[in-house]
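Report on the following structure.
Only the coordinates and a few stated rules stand behind these numbers; no lab work does. Because the structure is predicted, anything quoted here is derived from the model rather than measured. Here Cβ is always computed from backbone atoms with ideal geometry, including for glycine, and neighbour counts include all displayed protein chains.
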Amino acid sequence: MPLLETQGLTKVFGGLHAIDDLDLHIEEGEIVSVIGPNGAGKTTFFNLVSGMIQPDSGKILFEGIDLVGLAPHQILELGIARTFQNVRLFQNMTVLENAMVGQHARTRSGPIRAILRTPGFRAEEEAIRRKAEEALAFFGTRLIGYRLEQPAFVLSYANRRRLEIARAMATEPKLLLLDEPTAGMNPRETLELTELIARLRDEKGFTICLIEHDMRVVRGVSDRVICLDYGRKIAEGTYHEVATNERVIEAYLGTKAVEGV
């Protein structure tokens with residue numbers, strides 16, 4: 001059974017099929033890249049899986065459980081976390097607090113225990129802090145040390161993107177959805193994050209689905225690539241198979257994109 005599977009997934013906005021009868025699957029332990037031109041339905045797909053919007057028809061199965069109708073926090077609790085194309089952090093909270101927010105999705109202490117600061121609450125809060133620091137430490141020295149107490153708004157753009165991934169990691173997901181994780185990064189930062197994405201799977205055991213426009217990133221990390229166009233899947237396979245597919249070249253890549261494939 002796939003970790004994630006969609007069956008006949010459809011979403012229509014004002015007569016436009018953003019996602020059109022989409023069938024796809026993601027196996028546990030895979031890194032799958034979703035590519036396609038602007039408006040192909042990639043972010044809509046993520047919004048559907050994460051419960052931000054609801055489909056008009058079809059199923060979204062996660063470990064056999066249909067996610068349709070569930071709220072985003074319920075889907076998070078089941079084990080799906082995501083980042084966004086436009087970074088969404090709590091800008092005035094510290095780096096550590098942003099990462100701890102991810103862990104609070106797993107807390108058991110209620111408001112009464114929090115107000116009274118019971119021993120159980122304090123122990124849970126310490127465990128949350130420790131796991132948040134572990135997620136931040138995955139990115140080396142960029143988000144730890146003195147940076148732990150810095151507000152998120154002072155971070156560089158690249159570090160804000162790293163922090164958003166760390167926050168998603170801290171929710172202890174089974175599936176990470178990364179929406180254009182290298183957008184806006186320079187070539188050195190892009191290479192570093194490409195290596196980190198591979199480590200997220202190889203060292204941390206996350207299954208990963210990412211939306212990405214940079215074909216160097218897609219080629220560097222993907223076990224499988226899925227190309228969407230007008231909400232439909234037009235190609236699926238290895239990077240080489242998809243990058244040399246005539247329909248993909250016509251829809252998105254262009255002839256220059258496959259030079260050296």
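The C-alpha atoms of the chain define a longest principal axis, and helix 157-169 lies at about 80 degrees to it. Backbone phi angles across the range 202-218, fed through the Karplus curve with coefficients 6.51, -1.76 and 1.60 (θ = phi - 60°), yield HN-Hα couplings of 6, 9, 9, x, 6, 7, 10, 10, 10, 9, 8, 9, 7, 5, 5, 5, 4 Hz in residue order; Gly and Pro are listed as x. Close amide H pairs (under 5 Å, H built 1.01 Å from N) link Lys11 with Ala18, Ile19, Asp20, Asp21, Asp56, residues at least 5 positions away or on another chain.
Candidate cross-link partners of Lys59 among the lysines, defined by an alpha-carbon separation under 20 Å and a same-chain spacing of 8 or more, comprise Lys11, Lys42, Lys174, Lys233. The stretch between Leu191 and Ala123 holds 20.6 nm of extra length on full extension. This uses 0.36 nm per residue minus the Cα-Cα distance.
Exposed loop sites were defined as GluC sites (Glu not before Pro) in DSSP loop states (anything but H, G, I, E or B) carrying at most 16 other C-beta atoms within 10 Å; in the chain the longest segment without such a site runs 64-202.
First select every other residue whose beta carbon is under 13 angstrom from the beta carbon of Val68; then total the charges, Lys and Arg +1, Asp and Glu -1. List each step's numbers first, then the result.
Numbers: positive: Lys11, Lys59; negative: Glu5, Asp56, Asp66.
Once positives and negatives cancel, what remains is -1.
Summing +1 for each Lys or Arg and -1 for each Asp or Glu among the other residues whose beta-carbon sits under 13 angstrom from that of Leu148 gives 0. Of the chymotrypsin sites (Phe, Trp or Tyr not before Pro) in the range 1-102, the ones in a loop by DSSP (not H, G, I, E or B) with at most 15 other beta carbons within 10 Å are Phe90.
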